[in-house]
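Here's the structure, in C-alpha cells; my notes come after.
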Amino acid sequence: MKFRHTLISLFLTTVVSFAQSTTKAHHKKVVQETDAIYKRLVDIRRDLHRHPEVSHKEERTAKIVAEYLKELGLEVKTGVGGHGVVGILKGGKKGRKIAWRADMDAVPTEEPDVVDFKSENKGVRHICGHDVHTTIALGIATILSKQKEELKGTAYFIFQPAEEAYTGAKDMIKGGLFEMIKPDEIYGLHIGPEVTGTINYKANELFAYKKSLKAKFRPNTNIKELEAFMNTLMNSYIRTIESSSPWEIINKIGDPKIGITNKETIFKDYFILEGAQLYTEDNGDRSYNADFLETNRKNVDNILEQIKTKIIASKFKDDFISIAYTGGLLTPINDPKLTAIAAKTMNSFYGKERVQPLYGQVPYFSEDFIFYQQKVPGVFFFLGGSNPEKGIISMPHSPNFAVDESTIKYGVQCFSSLLMERVNG
Ligand SMILES: [Zn+2]
C-alpha cells in the first residue's frame with residue numbers, strides 16, 4: 001500500500017493554524033475515546049474469532065455488525081450483495097462523503113488455532129485477520145458517532161462478505177452499493193506482518209498482478225521440443241527475484257535490506273514464474289499454461305504479443321493456434337494524491353514511526369478492494385499486527401497466524417483521525 005503545499009497569505013496562515021489546533025483537540029478526543037472502548041472491541045474481536053464464517057456464510061457476523069451499527073444510531077442497510085452491511089453516519093454540515101471498508105469472512109483450514117479463544121467452527125479460522133478488520137471498522141464507527149456534532153460530511157461503513165472468494169466487492173457493487181451511497185473517497189486496511197500498530201502505505205499498485213497464460217498448438221507438434229521452447233520464452237522474463245518457493249520469497253518481504261520497507265527493495269520491479277506445464281487436451285491439441293506475477297502493468301499488457309511474435313518467428317508457427325490470458329488477479333491501486341494526503345495527515349498526529357512508506361509490491365496476495373477503487377478513488381493500507389517478543393506473527397494465511405490485539409487500538413485511533421479529517425475537509 002501506497003504516498004504538498006502552497007504559498008499562503010498571512011491571513012490564511014492564521015486561519016490554518018486555528019483550524020489545526022481545533023483538529024488537534026478532536027484528535028486528542030479520538031485517542032481518549034478509543035482507550036475507553038478498547039476492552040469492548042477486544043471482546044467483539046474474540047467473539048468473531050470464536051465464530052468464524054467462510055465466504056458467503058457470514059450470517060452471524062453480519063447480524064452482529066448490523067445490530068452494533070443500529071445501536072450507534074447509524075442508518076443501516078443489510079443484505080447488500082449477500083451478507084453485506086452498510087452503515088451511514090451523516091454529519092450536520094457540508095463536507096465530503098468518505099467510505100471505510102472492512103471484510104468479514106474467514107478461511108477454511110484444518111490447522112489448529114494458536115490462541116486461547118479458539119475457533120468453535122471446525123475447519124474454519126480467521127487466519128486472514130478479517131475479525132480484526134471488522135472490529136476496527138466498528139471502532140471507527142463508534143469514535144465518529146461520538147464526535148457526530150463535529151462531523152461535517154458523511155461517513156459510510158462498508159462491511160463486505162466473501163473477500164476470500166474474490167466476489168464480495170463485486171457482489172456489493174452489483175447489489176446497488178453505489179446507488180445507496182455516493183462516496184468521494186474510499187479507504188480500507190489489511191493486517192500485515194509488520195510490528196503491531198505500524199501503518200504502511202504506498203501509492204499506485206500495492207501487490208503484483210497475477211496472470212495465467214495459455215498458448216495452444218496443433219497435435220502434430222513435438223511435445224518435448226515445444227515445452228522446452230516455451231519454457232525458454234517464459235524464463236526470459238524472470239527478473240530481480242529468483243523463482244524459489246513462495247514462502248521463501250514471502251519471508252524476504254520483511255527483510256530490512258531487501259524487503260518492501262527499504263528503498264532498495266527487490267520487490268520493486270519483478271517477474272516471478274509460478275509454474276508452467278504443457279499437456280495434451282482431449283482433442284489432441286497441445287496446451288501450454290503458465291502462471292506468473294508481474295509488477296508492471298505495461299509488461300502484463302505486452303507479454304502476450306511478444307510471445308506470439310516469437311512463436312510466429314519459430315519453427316512452431318504452423319502449429320500455433322492461439323495465445324490468451326485465461327485468468328488473473330488484480331491489485332489495489334492507491335490514488336497517489338490521496339495516499340500522500342493520508343500519510344501526511346496520519347504522520348502529523350501519530351508520527352513517522354507509526355506511519356511508514358512501502359517501496360515494493362507484495363507478491364502472491366490479492367485483494368478485491370480494487371473493484372471499489374475502479375469506481376471511487378481510495379487508499380488501501382497495511383496495519384501491522386506482529387509482536388515478535390510474544391511470538392505473534394501476523395502473516396496472513398500462515399498456519400500460525402495471530403494478531404497482537406493492541407493493533408486494534410492503533411488502527412481505530414489513526415484511521416478515525418484520518419476519516420474525521422477527510423469528512424471535515
Ligand atoms: Zn484477507
| Can you find even one residue in the range 319-340 that is at pLDDT below 95, touching a strand residue (DSSP E or B) at 6+ places or on another chain (Cβ under 6 Å) and within 16 Å of the ligand (Cβ to nearest atom)? | yes
| Members of the range 280-292 found to be at pLDDT 95 or above, open to solvent by less than 50 Å² (accessible area, probe 1.4 Å) and farther than 16 Å from GLU225 by Cα, listed by number | ALA290, PHE292
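Taking the range 110-129 as the region of interest, how many residues are touching a Gly at 6+ places or on another chain (Cβ under 8 Å) and loosely packed, with under 15 Cβ neighbours inside 10 Å?
Summing the residues that are touching a Gly at 6+ places or on another chain (Cβ under 8 Å) and loosely packed, with under 15 Cβ neighbours inside 10 Å in the range 110-129 gives 1.
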| query | Do we find a residue being more than 16 Å from the ligand (Cβ to nearest atom), buried (at least 18 other Cβ atoms within 10 Å of the Cβ) and in a helix (DSSP H, G or I) anywhere in the range 47-56? | reply | no
| query | Before we move on, is GLU367 open to solvent by 20 Å² or more (accessible area, probe 1.4 Å) and in the same structural domain as LYS39 (by TED's automatic domain parsing)? | reply | no
| Failed item in (1) in the same structural domain as GLN160 (by TED's automatic domain parsing); (2) within 17 Å of the chain's Cα centre (by Cα), with THR295 passing the rest | (1)
| So SER212 clears everything in (1) of a type in the set (S, T, N, Q); (2) open to solvent by 60 Å² or more (accessible area, probe 1.4 Å); (3) within 29 Å of the chain's Cα centre (by Cα); (4) under 22 Å from ALA324 (Cβ atoms) except one condition, right? Which one? | (2)
| field | Number of the condition not met by ALA137 [criteria: (1) more than 16 Å from the ligand (Cβ to nearest atom); (2) in contact with a strand residue (DSSP E or B) (Cβ under 8 Å, 6 or more places away or on another chain)] | value | (1)
| request: Scan the range 238-272 for residues that are under 25 Å from TYR325 (Cβ atoms), surrounded by fewer than 17 Cβ atoms within 10 Å (Cβ to Cβ) and touching a Phe, Trp or Tyr at 6+ places or on another chain (Cβ under 9 Å) and report the count. | output: 5
| Does at least one position in the range 382-401 carry a residue that is farther than 30 Å from GLU110 by Cβ, assigned by TED's automatic domain parsing to the domain that holds VAL124 and among the β-branched types (Val, Ile, Thr)? | no
| field | THR309 more than 16 Å from the ligand (Cβ to nearest atom), within 21 Å of TYR237 (Cα to Cα), in contact with a Ser or Thr (Cβ under 7 Å, 6 or more places away or on another chain) and open to solvent by 20 Å² or more (accessible area, probe 1.4 Å) | value | no
| said: Looking only at the range 16-46, filter to residues that are of a type in the set (S, T, N, Q) and surrounded by fewer than 18 Cβ atoms within 10 Å (Cβ to Cβ); which one of those is modelled with the highest pLDDT? | reply: GLN32
| task | Quick one: which residue in ARG101, ARG125 is among the charged types (D, E, K, R), within 13 Å of the ligand (Cβ to nearest atom), assigned by TED's automatic domain parsing to the domain that holds PHE382 and under 12 Å from ARG50 (Cα atoms)? | result | ARG125
| query | What number of residues in the range 55-108 are in contact with a helix residue (DSSP H, G or I) (Cβ under 6 Å, 6 or more places away or on another chain) and of a type in the set (Gly, Ala, Ser)? | reply | 6
| remark: Subset of the range 1-15, residues closer than 25 Å to GLY384 by Cβ and either modelled with pLDDT of 55 or more or of a type in the set (Phe, Trp, Tyr) (or both), comes to PHE3
| field | Residue ID - nearest to the chain's Cα centre (by Cα), chosen from residues in the range 369-397 that are assigned to a helix (DSSP H, G or I) and of a type outside the set (Lys, Arg) | value | ILE370
| message | For the structure I just gave you, tell me whether LYS70 is part of a helix (DSSP H, G or I) and farther than 21 Å from ILE173 by Cα. | response | yes
| task | State whether one or more residues within the range 183-191 are within 16 Å of the ligand (Cβ to nearest atom), among the hydrophobic types (A, V, I, L, M, F, W, C) and touching a strand residue (DSSP E or B) at 6+ places or on another chain (Cβ under 7 Å). | result | yes
| remark: The condition of being open to solvent by less than 20 Å² (accessible area, probe 1.4 Å) and within 16 Å of the ligand (Cβ to nearest atom) holds, among GLY378, GLY360, GLY385, only for GLY385
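The values are calculated or read from the model by the stated rules, or taken from the named source; none is laboratory data. None of these values were measured; they are calculated from a predicted model. Heads up, the Cβs are rebuilt from the backbone with ideal geometry, glycines too, and the neighbour counts pull from every protein chain shown. Just so you know, the surface numbers come from the protein's heavy atoms only, side chains and all, with ligands and any DNA or RNA stripped out. Shrake-Rupley method; radii C 1.70, N 1.55, O 1.52, S 1.80 Å.
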